[in-house]
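Novice: After the structure tokens below, expect a handful of questions from me.
The values are calculated or read from the model by the stated rules, or taken from the named source; none is laboratory data. As the structure is a computational prediction, the values presented were derived from the model and not from experiment. Because the Cβ atoms are built from the backbone with ideal geometry, glycine has one as well, and the counts that use them run over all protein chains shown. Calculation scope for accessible area: heavy atoms of the full protein, side chains included, ligands and nucleic acids excluded. Shrake-Rupley method; radii C 1.70, N 1.55, O 1.52, S 1.80 Å.
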Amino acid sequence: MDHSTERNLSTYLTGFALAVILTAIPFALVWGGLLTGPAVYVVIAVAAVIQVLVHLVFFLHLNLKSTPAENLFFLVFAAVLIFIMVGGSLWIMMDLHHRMM
């Protein structure tokens, strides 16, 4: 193996280990009943956002130095769209829950 292959393999293994840890933390907290109420949702959301960043950095190799600005623009645009869709869906569900109770 040359140096670039070894570096990429170690990068992928680091990303995989972080992804497994960031998946196991919310599962363990929910399964063990260590957190209840809104704190569970906060921990799950934070772990999900960190995991998205881990995937972008370790698997897609996106960083601010070597990634063209055009790709970063489209990535930010996709993130805004996802935020609007998820936020709007949560807003609608909470409003419906409030109106039906």
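Novice: Scan the range 4-15 and give yes if some residue there is at pLDDT below 85, farther than 24 Å from Leu90 by Cα, open to solvent by less than 80 Å² (accessible area, probe 1.4 Å) and among the small types (Gly, Ala, Ser), otherwise no.
Specialist: Yes: one or more hits.
Novice: On to the next question. Which of the residues that make up the range 65-82 are aliphatic (A, V, I, L, M), under 29 Å from Pro26 (Cα atoms) and surrounded by fewer than 13 Cβ atoms within 10 Å (Cβ to Cβ)?
Specialist: Those that are aliphatic (A, V, I, L, M), under 29 Å from Pro26 (Cα atoms) and surrounded by fewer than 13 Cβ atoms within 10 Å (Cβ to Cβ): Val76, Ala78, Ala79, Val80, Leu81, Ile82.
Novice: Note down all Cβ pairs under 9 Å where the first residue falls in the range 57-71 and is in contact (Cβ under 8 Å) with a residue 12 or more places away in the chain and on the phi < 0 side of the Ramachandran plot, the second is among the hydroxyl-bearing types (Ser, Thr, Tyr) and open to solvent by 80 Å² or more (accessible area, probe 1.4 Å), and they're at least six residues apart or on different chains.
Specialist: Listed pairs, sorted by first residue: Phe58/Tyr12; Phe59/Tyr12.
Novice: Residue by residue through the range 50-94, note down the ones that are over 24 Å from Leu22 (Cα atoms) and among the polar types (S, T, N, Q).
Specialist: Ser66, Thr67, Asn71, Ser89
Novice: Conditions: (1) part of a helix (DSSP H, G or I); (2) under 22 Å from Gly15 (Cα atoms). Ile82 meets all but one. Number of the miss?
Specialist: Just one mismatch for Ile82, condition (2).
Novice: Continuing with the same structure: Out of Ile44, Ile92, I need the residue that is on the phi < 0 side of the Ramachandran plot and assigned by TED's automatic domain parsing to the domain that holds Val20. Which one?
Specialist: Among Ile44, Ile92, only Ile44 is on the phi < 0 side of the Ramachandran plot and assigned by TED's automatic domain parsing to the domain that holds Val20.
Novice: If I ask for residues that are over 14 Å from the mean Cα position of the chain (by Cα), in a helix (DSSP H, G or I) and surrounded by 13 or more Cβ atoms within 10 Å (Cβ to Cβ), which ones from the range 39-64 would you list?
Specialist: Correct list: Val40 only.
Novice: Between a first residue in the range 26-51 that is modelled with pLDDT of 90 or more and a second residue that is open to solvent by 50 Å² or more (accessible area, probe 1.4 Å), which pairs have beta carbons less than 6 Å apart while being 6 or more apart in sequence or on different chains?
Specialist: The qualifying pairs are Pro26/Ile44; Leu29/Leu35; Ala47/Ile25.
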